[in-house]
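Trainee: Below is a structure I'd like to ask you about.
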Amino acid sequence: MVLSKTASQSDVSIHSTFASRYVRDSLPRFKMPENSIPKDAAFQIINDELMLDGNPRLNLASFVTTWMEPECDKLIMDSINKNYVDMDEYPVTTELQNRCVNMIAHLFNAPLGESEAAVGVGTVGSSEAIMLAGLAFKRKWQNKRKAEGKPYDKPNIVTGANVQVCWEKFARYFEVELKEVKLTEGYYVMDPVKAVEMVDENTICVAAILGSTLNGEFEDVKLLNDLLIEKNKETGWDTPIHVDAASGGFIAPFLYPELEWDFRLPLVKSINVSGHKYGLVYAGIGWVIWRSKEDLPEELIFHINYLGADQPTFTLNFSKGSSQVIAQYYQLIRLGYEGYRNVMDNCHENAMVLKEGLEKTGYFNIVSKDEGVPLVAFSLKDNSCHDEFEISEMLRRFGWIVPAYTMPADAQHITVLRVVVREDFSRTLAERLVMDITKVIHELDTLPARVKAKMSILCTEENGKNGSMVKKTEIETQREITDVWKKFVMQRKAGKNKVC
């Protein structure tokens, strides 16, 4: 079964202008060609097609890192042919991964002794990390239920409706019921009180989000921990907490060091974080850290020896590249605590510049919070004539990729736009984005269909004031729309003729 869709069904062949210098025959689009082609032609054909991709730097939908220093790029290319799983062949790479795990565990205040090693593993991202953490919770809960002679076939996880789709994948793939706390307008994260009310004896963990995908807000893990301690005392359960810190794990320790969300809280048993987000590494690296060895059941760890030595492994996949692990280690020692704090401070300041610029336009309500992931989520104050999806679509003309989406249940009537501020998003780009958003709104306001809608609204309001209903003829309405459209076109032409 093919899950992806092709961009074009009109032609079964690939044609390239400049590659015709090397090859004259077109290539089949969906079948492997019979004959080889020159390497220059293969490069040119692929390069031509990739020109139509968006610019990663202007992709403001993504939390994923799109820029690293040239020195790190070189390390990545030098290690791109190393298989991370072959620990016996590449012992230094394995050592670097272990150093990263311990650095991140200390960053998250894991209760480690002086010479005690942290428990954790590198993954391809937070999705795999969450799968592994969820499996550990499920197996530990099942083992306890079996020992007590109780049913263990109906596990559940309590989360907010704002969780990332990987939690839904875990629940469906590994047969765990997902109990979601619904959102409300103005409160777009999980309510700890409601979450604890939903906990029962079959709850394997409560998942809290440090940096919601929807608006960047941190959930109140401290309050959740305190309420859950009380419920565990009352019921005799020992329901734990997992913190999904995919976006916020590399932000909170540097911008909000006093915020208690990590292993300082006794019920937090595992934390995942995305190295390829604010860990400042290209896509393909995540981490999951456990509080102690007791929180990761031994039976989930496999031991293999067919690569040269006994090697423990706890991952969903097997082979993967080493380059992202090496890149993460580079960033940790290159930047240090000071460097990460400076980067996060700068991202936060640029987010505030963008927020203030959007507020000054008078068109938007800000949905995101100042404390959280450095992003700005905003919605139109008045969407009677145009909506957030149209703004998102028109911004692509300027190269910007700004997503528009609806909130989950029960706030699905709220639509927002979101701009993620990464390290490579400068203050100048923030100011330019505000200018382009304002320009888009002005253009939408003057489009004929919009003018007609606005005139209809104004006419209705005026008629309501006068107590009469005067309806214009079709030809009168059409003439007014034509006049406005002509004025709009002339203004654009005049703008193009200006000398800058």
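The values are calculated or read from the model by the stated rules, or taken from the named source; none is laboratory data. Please read all numbers here as calculations on a predicted model, not as lab measurements. Don't worry about glycine lacking a Cβ; one is built from the backbone with ideal geometry, like all the others, and counts go over all protein chains shown. Side chains included, ligands, DNA and RNA excluded: accessible areas come from the protein's heavy atoms. Shrake-Rupley method; radii C 1.70, N 1.55, O 1.52, S 1.80 Å.
Trainee: List the GluC sites (Glu not before Pro) within the range 179-256 that fall in a DSSP loop (any state other than H, G, I, E or B) and whose Cβ has at most 12 other Cβ atoms within 10 Å. Provide the component values of the computation, followed by the final result.
Mentor: Details: sites: Glu180, Glu185, Glu197, Glu201, Glu217, Glu219, Glu230, Glu234; in loops: Glu185, Glu201, Glu219.
Hits after loop and neighbour filter: Glu185.
Trainee: On average, how much accessible surface per residue is there in the range 396-437, in Å², for a 1.4 Å probe, leaving out ligands, DNA and RNA?
Mentor: Numbers: 1740 Å² over 42 residues.
Accessible surface, normalised per residue, equals 41 Å².
Trainee: While we're looking at this one, here's another question. Restricting to bridges with both residues inside the range 180-300, how much of the DSSP beta-bridge set is antiparallel, in percent to the nearest 5?
Mentor: Values: 7 of 15 bridges.
Antiparallel: roughly 45 percent of the beta bridges in the range 180-300.
Trainee: If r is the Cβ-Cβ distance from Ser426 to Asp53 and R0 is 30 Å, what FRET efficiency results, to the nearest 0.05?
Mentor: Values: r = 22 Å, r/R0 = 0.72.
In this case the efficiency is close to 0.85.
Trainee: Around Asn215, what is the net charge, scoring Lys/Arg as +1 and Asp/Glu as -1 over all other residues with Cβ under 10 Å from its Cβ? Intermediate results must be reported in sequence, preceding the final value.
Mentor: Values: positive: Lys369, Arg418; negative: Glu217.
Within the 10 Å Cβ shell, the charges total +1.
Trainee: While we're on this one: Only Cα pairs under 8 Å and at least 6 apart count here; give the relative contact order of the range 29-122 as a rounded whole percent.
Mentor: Relative CO of the range 29-122 lands at 14 percent.
Trainee: Out of all DSSP beta bridges with both ends in the range 142-247, state the antiparallel percent to the nearest 5.
Mentor: On the way: 2 of 14 bridges.
Given both bridge residues lie in the range 142-247, the antiparallel proportion sits at roughly 15 percent.
Trainee: Could you give the length gained by full extension between Glu197 and Thr406, i.e. 0.36 nm per residue of separation minus their alpha carbon distance, to one decimal place? Walk me through the numbers before you get to the answer.
Mentor: Numbers: separation 209, 0.36 × 209 = 75.24 nm, distance 2.65 nm.
Contour length minus Cα-Cα distance gives 72.6 nm.
Trainee: Next question. How large is the accessible surface per residue of the range 45-199, computed with a 1.4 Å probe and reported in Å² as a whole number?
Mentor: Values: 7970 Å² over 155 residues.
Per-residue value: 51 Å².
Trainee: Efficiency by 1/(1 + (r/R0)^6): what FRET value for Ser319 and His442, r their Cβ-Cβ distance, R0 = 35 Å, to the nearest 0.05? Could you put the intermediate results ahead of the total?
Mentor: Values: r = 53 Å, r/R0 = 1.50.
That pair, Ser319 with His442, gives E of 0.10.
Trainee: Next up: Over 26 Å between Cα atoms, which of Lys74/Lys277; Lys154/Lys194; Lys194/Lys277; Lys154/Lys320; Lys355/Lys381; Lys146/Lys320 qualify? Please list the in-between numbers first.
Mentor: Values: Lys74/Lys277 20 Å; Lys154/Lys194 21 Å; Lys194/Lys277 30 Å; Lys154/Lys320 34 Å; Lys355/Lys381 15 Å; Lys146/Lys320 36 Å.
Beyond 26 Å: Lys194/Lys277; Lys154/Lys320; Lys146/Lys320.
Trainee: Using a 1.4 Å probe on the protein heavy atoms, what percent of the accessible area of the range 357-443 belongs to carbon and sulfur?
Mentor: Working: 1740 of 3640 Å².
Carbon-and-sulfur percentage of accessible area, whole number: 48.
Trainee: Carbon and sulfur together cover what percent of the accessible area of the range 112-214 at a 1.4 Å probe radius? Could the numbers behind the result be given before it?
Mentor: Values: 2150 of 4430 Å².
Carbon and sulfur: 49 percent of the exposed surface of the range 112-214.
Trainee: Each label point is 7 Å from the Cα along the Cα-to-Cβ direction; what then is the distance between the points at Lys144 and Arg29, in nm?
Mentor: Label at Lys144, label at Arg29, 5.5 nm between them.
Trainee: Sticking with this one: Find the accessible area per residue for the range 247-381; the probe is 1.4 Å, ligands and nucleic acids are left out, and the unit is Å². Before the final figure, lay out the partial values.
Mentor: Numbers: 5280 Å² over 135 residues.
Accessible area per residue, the range 247-381: 39 Å².
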